[in-house]
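The values are calculated or read from the model by the stated rules, or taken from the named source; none is laboratory data. This structure is a prediction, so every number in the text was calculated from the model and none was measured. Cβ atoms come from the backbone with ideal geometry, glycine included; neighbour counts cover every protein chain shown.
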Amino acid sequence: MNKYVERLYNGIIKENPTFVLMLGMCPTLAVTSSAINGIGMGLSTTVVLVMSNLLISMFRKVIPNGVRMPAYIVVVASLVTIVQFVMQAYTPSLSASLGVYIPLIVVNCIILGRAESYASKNPIAPSIFDGLGMGLGFTIGLTCIGLIRQILGASLGITVFIMAPGAFLVLAFLVAGMNVIREKMEKKGKPLAAPSGCLTGDCASCSQSAMCTGKLPGSQKKSEE
């Protein structure tokens with residue numbers, strides 16, 4: 001598989017931030033009351049992901065190791081500020097709807113995770129595609145949750161899906177649905193890539209392993225082997 005296509009596949013399917021790695025749960029559950037909110041939040045995060053991966057990969061050899069995390073946060077915060085100003089200028093209603101969750105992209109673990117685990121160690125082009133893949137995976141996840149909540153809550157009048165518990169329910173059913181699809185594909189001899197990371201305890205192959213403080217015992221030894 002072409003390495004650029006592999007980075008897209010990794011973010012959208014294999015390590016989907018929403019349905020596999022379960023990252024960015026705060027905006028996932030908070031802003032997905034409608035499909036447009038999910039798309040807006042997802043695309044905003046995608047822009048920041050791509051640009052931060054680009055800049056961090058570009059300057060990876062000159063950023064001192066001791067201040068790399070503060071440097072990443074400065075880069076991400078600058079990009080988020082630009083995105084927020086653009087949204088306020090051209091999509092004020094969407095910006096108001098997403099509210100504080102746009103500035104909170106700065107501390108989104110997906111952004112900092114990709115900066116630390118991939119962009120800081122790889123060339124510019126693969127880092128761009130890595131950010132694009134993760135961003136599209138995040139956007140797809142948020143849009144699916146928002147669309148289902150909008151249909152069930154706003155259109156059909158099942159008010160629980162407009163409230164916070166509805167977000168948890170929809171996320172749970174979508175994750176369960178992905179697991180069912182995975183099992184059926186395996187039975188047909190066309191397995192999807194196995195999930196990795198926190199859901200399986202497979203720290204060694206997780207792209208977030210560099211930042212994780214809750215690794216399972218023995219995972220470091222496994223990664224060295």
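Can you name the residue in region 1-32 that is in a helix (DSSP H, G or I) and among the aliphatic types (A, V, I, L, M) and is also farthest from ARG149 (Cα to Cα) among such residues? Write out each step before concluding.
Step one: filter region 1-32 for residues in a helix (DSSP H, G or I), giving 3-14, 25-30.
Next cut, among the aliphatic types (A, V, I, L, M) only: 5, 8, 12-13, 25, 29-30.
Working: VAL5: 31, LEU8: 27, ILE12: 21, ILE13: 22, MET25: 16, LEU29: 11, ALA30: 12 Å.
The extreme case among them is VAL5.
Is it fair to say GLY133 is touching a Lys or Arg at 6+ places or on another chain (Cβ under 6 Å) and not charged (D, E, K, R)? Judged against the criteria, GLY133 is a match. If you go through region 143-160 and pick out every residue that is more than 22 Å from PRO17 (Cα to Cα) and in a helix (DSSP H, G or I), you end up with 7.
The residues in region 33-67 that are in a helix (DSSP H, G or I) and either in contact with a His (Cβ under 6 Å, 6 or more places away or on another chain) or surrounded by fewer than 16 Cβ atoms within 10 Å (Cβ to Cβ) (or both) can be counted, and the count is 4.
Report yes if some residue within region 161-168 is over 17 Å from VAL20 (Cα atoms), surrounded by 16 or more Cβ atoms within 10 Å (Cβ to Cβ), modelled with pLDDT under 90 and in contact with a helix residue (DSSP H, G or I) (Cβ under 6 Å, 6 or more places away or on another chain); otherwise report no.
yes
For region 115-130, does any single residue satisfy the condition of being assigned by TED's automatic domain parsing to the domain that holds LEU55 and closer than 18 Å to GLY40 by Cβ? Checking region 115-130: not a single residue is assigned by TED's automatic domain parsing to the domain that holds LEU55 and closer than 18 Å to GLY40 by Cβ. Residues in region 132-140: is at least one surrounded by 19 or more Cβ atoms within 10 Å (Cβ to Cβ), assigned by TED's automatic domain parsing to the domain that holds MET69 and among the aromatic types (Phe, Trp, Tyr)? Checked region 132-140: at least one residue is surrounded by 19 or more Cβ atoms within 10 Å (Cβ to Cβ), assigned by TED's automatic domain parsing to the domain that holds MET69 and among the aromatic types (Phe, Trp, Tyr).
Could you tell me whether region 118-130 includes any residue that is within 13 Å of the chain's Cα centre (by Cα) and surrounded by fewer than 21 Cβ atoms within 10 Å (Cβ to Cβ)? Outline the logic, then answer.
Here is the first cut: in region 118-130, the ones within 13 Å of the chain's Cα centre (by Cα) are 130.
Checking which are surrounded by fewer than 21 Cβ atoms within 10 Å (Cβ to Cβ) leaves us with none.
No, every residue in region 118-130 fails to be within 13 Å of the chain's Cα centre (by Cα) and surrounded by fewer than 21 Cβ atoms within 10 Å (Cβ to Cβ).
Among the residues of region 1-47, those identified as within 15 Å of TYR101 (Cβ to Cβ) and in contact with a Cys (Cβ under 7 Å, 6 or more places away or on another chain) are LEU23, GLY24.
Sub-7 Å Cβ pairs linking a first residue in region 152-174 that is within 19 Å of THR28 (Cβ to Cβ) to a second residue that is of a type outside the set (Gly, Ala, Ser) and in a loop (DSSP other than H, G, I, E, B), at least 6 apart or interchain, are LEU152/ILE158; GLY153/ILE162; ALA154/ILE162; ALA167/THR32; LEU174/PHE19, ordered by first then second residue. When region 3-33 is limited to residues that are in contact with a Lys or Arg (Cβ under 9 Å, 6 or more places away or on another chain) and among the β-branched types (Val, Ile, Thr), the one that is nearest to TYR118 (Cα to Cα) turns out to be VAL20.
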